[in-house]
Amino acid sequence: MRRRLDRDLDDELRFHLETRAERHRQAGMSPGDAVQEARHSFGNPTFLKEECRDMWTFQRIEILWQDLRYAARTLRKSPGFSIVAILTLALGIGANTAIFSVVNALLLRPLPYRDAGRLMRLWPTGPKGDRLPYSITSYPNLMDWKESHSFDQVEGYVARSFNLTGGDQPQRVYGLRSTAGLLPLLGVTPIHGRAFLAEEIQPGKDHVLLLSEGLWQSRFARDPAVLGKIVKLNDENYEVIGILPGAFQFPPDNPCNLVLPLPPDPNRGHGFINVAARLKAGVTIAKAQVEMDTIARRLEMQYPKFDKDTGVRVLPLQESFVGGFRPALLIFLSAVGFVLLIACANVANLYLARTAGRQKEFVVRAAMGAGRFRLIRQLLTESALLGLAGGTAGLLFAYWGVKLMVVLVRTAFSTAAMDSVSLDCAVLGFTLALSLLVGMVAGLAPALGISRLDLNDTLKEGSRGVTGSQRRNRIRSTLVVAEIALALVLLIGAGLTLKSFMILDRVDAGVHPENVLVMNISMGSKKYAKTQARAPFMETVLRRIEQLPGVRSAAVVTDVPLTDNSDSMGISIEGRPDPPQQQKQSVNYNIVGPGYLRTLGIPLLQGRDFSAGDTGAVPTVALINQAMARKYWPNENPIGARISTNKKNWASIEGVVGDVRQLGLKSEPQPEVYLSYLQDPFAWPYLSLLVQTSLDPMKQVSSIQAVIWSVDKDLPTASVSTMEQIRSGSIAQPRITALLLAIFASLALVLATVGIYGVMAYSVTQRTHEMGLRMALGARITDVLKLVVGHGMILTGCGVVLGLAGAFALTRVLTKFLWGVRPTDPATFIAVSLLLAGVAVLASYLPARRAAKVDPMVALRYE
């Protein structure tokens, strides 16, 4: 339009110049003087063109403003239609905005570090090139990876917890040990003091630390004199050299109260370091991956004992931390997308019905000179205004939805990034764009219908526009079929996840979690460096706790069941040859104490439990679970058999216990060995205290902590919870997935029901004359009911067939979210289809009842 305007202006200016020049030539001027005088008298053509362009732009804005004012007046005249349409769109847009705010915070928003797009994670891989479940490597490997030419920096870090003492109460704090370059790599500078020096990474000089601003505030009241002070961590002195900014948190999914140097460890077989790196400018991830593959193959040749069949994957840092959330969030985003499509179809149906009532208005406007594009633009302006109003109302729903999502999703995806979920500028921009798009889509069908108006037929007095009415009915019916199909897909997905969760929730975990308190204790301090000091401490604590009112039993364990924490070890069985190295026998193990089985209600099936006499002074004993007994002694009694990890220290199997789902309810019980902490088979500085009570376990926390501090005032407790909370948390993701999909499916069902009801009600209104004529000719009430409900059921049947086909194809993406249920579970498909059909019958029956009450004489007289 702008180019056409410029061409028209050029032609107009040329015409006026030529006219004036011809007039001057006729007055006696020479041709050259005539042209010069015409240009002089006409003025600056460039200035005139700009004036015309500005006027044209102003006219466009004025026309748009007129359209907006007229659209607002029109919507105000139909408050019922406007309110229903706005609320319908608000539900769809609000749900999408709430989910997008979570997706934006977890997947789209860059990590809060300098040039975060170039930050990578170097993740070790196994023999098949697949990522290992842990991302750790050894310090020597870290030094070798630093030789890569693809990265500006390669740095290591280890997440650790520490016992901070010296105040009124001991405190468990969390932080990092890192190489000197990690903070510069992340672009983090202390707000007070300084960062590490290179020499402070060396042993003997590494007793310095950086405090987080949060810990500086809570523990030291922001005292500026804290720099240079000595604080005690794990009974060792560290000098405070700097304060980190309050926004700093690394890794982004863990709290970080302080940062300490990571001293070198020459043991290549000791893998404990996570590695972050920054790509050089212009270097791609693929190019860096090729170089890291070369380095990995070189290390494999040089150190086959430690690096055989291992590699390294170059991953964006953000993906390594939040990539696991992507599938679930995309499922939620798809679900609310379905809800929004159903809402659009509903509003389009309403708009079609309303536009049919305004047909004469548009025809009169067209007859008075309004072009079809002008009429279409008016309708699209109205629908866009509806979309914006729906988006504005949707923001209110989104505000509450975001609060709900943060509460729900935090339990399933325990990441600190959930703290940043909000309706920020990016989310508001998304809502604005979505509102305009939804409004335009909802108004597209009515606008296209207006473009096909027949002026002559519509202006004829008494014409009912049968052809146009039939076309609109077909469009409305098509939209309803689409709504039903989309709703069915969403309902089946929700049904599958809900059924899967219900099956999972009934799984026997192998433990009785009722009234069991769990409390973590760390004895990694210098005071307990000699492992012989740990058992007497725990024995004293357990004995005093069992004397507390309401306490039934107490015990300790290294890996609490259902927490996805487990250690494994290779074993040899006495009297049997060891299998080849590639078929090495490996089992899970857990360090427990006397009373563990009783506290968690784990059944003892054979033999005996650990006792207080099973100390380091007697031969080592062990318990095994049923899974291990079935695997290694299928037709034998394992009691008395002996196993070993090194063929030197042998443990005698004294009992067989029930299977426990150590890694969560989804995991099958694995072969597991239980060893007594009193016999000190391994260094076990980290233990969880289990206390079974007859009262509310959380009300016993302060008294139990008082017992611990009465034995050692510098030993903090952490991760206080109950076994019931742990069990609930182990199925948090399936629960939240099922709950959210059920909420979205319920919205879809309501909207689809409203859509069916609206179409049937409008159809009855249109066919009032026909119904009256039928009843006048002898049709019974049941015949009318069958006619209307039958039409509704035909639409429902078509939608169900399409929905079943779509669900059969799409529910396969839910496979990783299901347990004990196939993605094509026939029972779920049939039950949901019957539910939707029943709701559709009800939605069709109400308008049918109204049609059956039509008085034939009144209907015919009206016509």
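The values are calculated or read from the model by the stated rules, or taken from the named source; none is laboratory data. Every value quoted in this text rests on a predicted model; they were computed, and no experiment measured them. FYI the Cβ positions are ideal-geometry reconstructions off the backbone, even for glycines, and counts take in every protein chain you see. SASA here: full protein model, heavy atoms, side chains in, ligands and nucleic acids out. Shrake-Rupley method; radii C 1.70, N 1.55, O 1.52, S 1.80 Å.
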Checklist entry - At what distance in nm do the modelled label points of T782 and K128 sit from each other, each positioned 7 Å from its Cα along Cα→Cβ? => result 6.4 nm
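Apply 1/(1 + (r/R0)^6) to the Cβ-Cβ distance of L548 and T615, taking R0 = 30 Å, and write down the FRET efficiency to the nearest 0.05.
0.75
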Checklist entry - Kirkwood hydrodynamic radius (Cα pairs, Å) of region 104-257? => result 17.2 Å
Checklist entry - For region 564-688, what is the Kirkwood estimate of the hydrodynamic radius, computed as the reciprocal of the mean inverse distance between distinct Cα atoms, to one decimal in Å? => result 14.9 Å
Next on the checklist: Keeping every protein chain present and rolling a 1.4 Å probe, give me the accessible area per residue for region 528-612 in Å².
Outcome noted: 49 Å²
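Multiplying the sequence separation of R7 and Y174 by 0.36 nm and subtracting their Cα-Cα distance, what value in nm do you get?
Values: separation 167, 0.36 × 167 = 60.12 nm, distance 7.05 nm.
Here the answer is 53.1 nm.
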Checklist entry - Which whole-angstrom value gives the distance between the alpha carbon centres of region 140-158 and region 685-700? => result 43 Å
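Ignoring ligands, DNA and RNA, how do V560, V720 rank by accessible area with a 1.4 Å probe, largest first? Could you put the intermediate results ahead of the total?
On the way: V560 10, V720 50 Å².
Correct descending sequence by accessible area is V720, V560.
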Checklist entry - From a point 7 Å beyond the Cα of S566 in the direction of its Cβ, which residues of region 644-669 have a backbone N at a distance under 12 Å? => result 659-669
Item to check | Value of Rg/Rh across region 785-850 [Cα atoms, Kirkwood radius] | outcome: 1.13
Item to check | Rough spin-label spacing in nm, given labels placed 7 Å along Cα→Cβ, for W709 and R114 | outcome: 4.2 nm
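Rounded to the nearest 0.05, what FRET efficiency do N267 and D235 have when you use their Cβ-Cβ distance and R0 = 25 Å?
Values: r = 24 Å, r/R0 = 0.97.
Approximately 0.55, to the nearest 0.05.
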Checklist entry - Rounded to the nearest 0.05, what FRET efficiency is calculated for I639 and V507 with R0 set to 35 Å and r the Cβ-Cβ distance? => result 0.75
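In nm, what is the difference between 0.36 nm times the number of residues separating T189 and T392 and their Cα-Cα distance?
Numbers: separation 203, 0.36 × 203 = 73.08 nm, distance 4.08 nm.
Net length gain for the segment: 69.0 nm.
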